[in-house]
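Input: a single structure, listed below in structure tokens.
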Amino acid sequence: MNLILMGPPGAGKGTQAENICIKYHIPQISTGDMLREARKEQTKLGKEAESFMVAGKLVPDEVVIGIVDERLAKSDCQNGFLLDGFPRTVPQADSLAQILTRRNKKIEAVVSLDVPDTLVIERLCGRRVCGDCGASYHVAFAPSKKEDVCDKCSGGLIQRKDDSEVTIKERLRVYRDQTQPLISYYQQKGLLKAIDGTGTVKEIGERIGKALEAVV
Ligand code: AP5
Ligand code: MG
């Protein structure tokens, strides 16, 4: 299954993506994770993306389209994939359609998580991520067993640089301006599955599961 998972920052895309990918045996392609990895390794791409990400702005379209095009060419995408956080602009969505047409593929569903701003801020201010393996926690909603230590690899937990309240507000503004128009873009194509993103991880997962039943 070829899927897109969209929603504002902190909507729970990464959290839900993990379960969807296990269920459908497809890789999670998160442009945010790929860019953070490049930043950590201080590659040319990472250095280019750094200032945009820290400020809560979007990395230029051509940069992100290039990394997605390359990633989709890998063999693990043969039987499907889940795009987490891409596309984020209309030009990115148009380019994705062209990339997929070239490969004789198409998007089968776009899951859009709907979460109010107040909850986004609560979720992101409390998020902690493992500096080593990238596992994600929340100080109140999904705490690690030992404070600031990753359950999976014992690495140290840190706060993402863009998870400060000022930057979260900028990310929300950017989402509204540049990404939200994709909701009607995909609705017009009959692909949109709008999902209530409030409630527990399990409840939201069940809503997504139900919406995707009709697709497979
Ligand atoms: P990206 O990494 O994609 O960030 P984002 O879209 O802002 O989303 P997040 O990863 O912050 O949130 P999420 O929805 O994954 O939520 P999560 O599951 O972690 O992008 C970062 C930056 O990279 C962008 O700002 C931009 O600069 C650049 N970039 C990336 N893609 C780009 C593109 N296509 N074009 C241009 N630039 C791009 O959950 C959040 C927290 O809430 C966690 O702590 C979690 O435990 C908790 N939580 C989740 N679900 C629940 C629940 N149901 N109940 C309680 N807590 C919950
Ligand atoms: Mg994420």
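Every number here is computed from the coordinates shown, using simple stated rules; none is lab data. It should be emphasised that the depicted structure is a prediction, and the values quoted were computed from it without experimental measurement. Don't worry about glycine lacking a Cβ; one is built from the backbone with ideal geometry, like all the others, and counts go over all protein chains shown.
Observations on the structure shown:
- Within the range 14-44, considering residues that are under 15 Å from A211 (Cβ atoms) and not β-branched (V, I, T), the one nearest to ligand 2 (Cβ to nearest atom): A17
- Residue within the range 110-120 that is over 16 Å from the mean Cα position of the chain (by Cα), within 16 Å of ligand 2 (Cβ to nearest atom), surrounded by fewer than 17 Cβ atoms within 10 Å (Cβ to Cβ) and closer than 23 Å to A194 by Cβ present: yes
- Some residue of the range 76-93 being away from ligand 1 (no atom under 13 Å from the Cβ), of a type in the set (A, V, I, L, M, F, W, C) and exposed (fewer than 15 other Cβ atoms within 10 Å of the Cβ): no
- Output for the range 175-201, where each listed residue is within 27 Å of A142 (Cα to Cα), buried (at least 19 other Cβ atoms within 10 Å of the Cβ) and in contact with a Lys or Arg (Cβ under 7 Å, 6 or more places away or on another chain): I195
- Residue match in the range 158-172 (condition: among the hydrophobic types (A, V, I, L, M, F, W, C), under 23 Å from I20 (Cα atoms) and away from ligand 2 (no atom under 16 Å from the Cβ)): no
- Residue match in the range 89-101 (condition: of a type outside the set (G, A, S), assigned to a helix (DSSP H, G or I), free of Cβ contacts under 8 Å to residues at least 40 places away in the same chain and within 26 Å of G131 (Cα to Cα)): no
- D69 vs. criteria within 17 Å of the chain's Cα centre (by Cα), more than 28 Å from G197 (Cα to Cα) and not hydrophobic (A, V, I, L, M, F, W, C): yes
- Helices (runs of 4 or more DSSP H) contained entirely in the range 108-208, each with at least 3 residues that are within 12 Å of ligand 1 (Cβ to nearest atom) and in contact (Cβ under 8 Å) with a residue 60 or more places away in the chain: 117-125, 165-174
- Within the range 22-65, tally of residues that are among the aliphatic types (A, V, I, L, M), farther than 26 Å from M1 by Cα and within 11 Å of ligand 1 (Cβ to nearest atom): 7
- Among the residues making up the range 169-216, those that are charged (D, E, K, R) and closer than 15 Å to K13 by Cβ are R171, K193, D196, R207.
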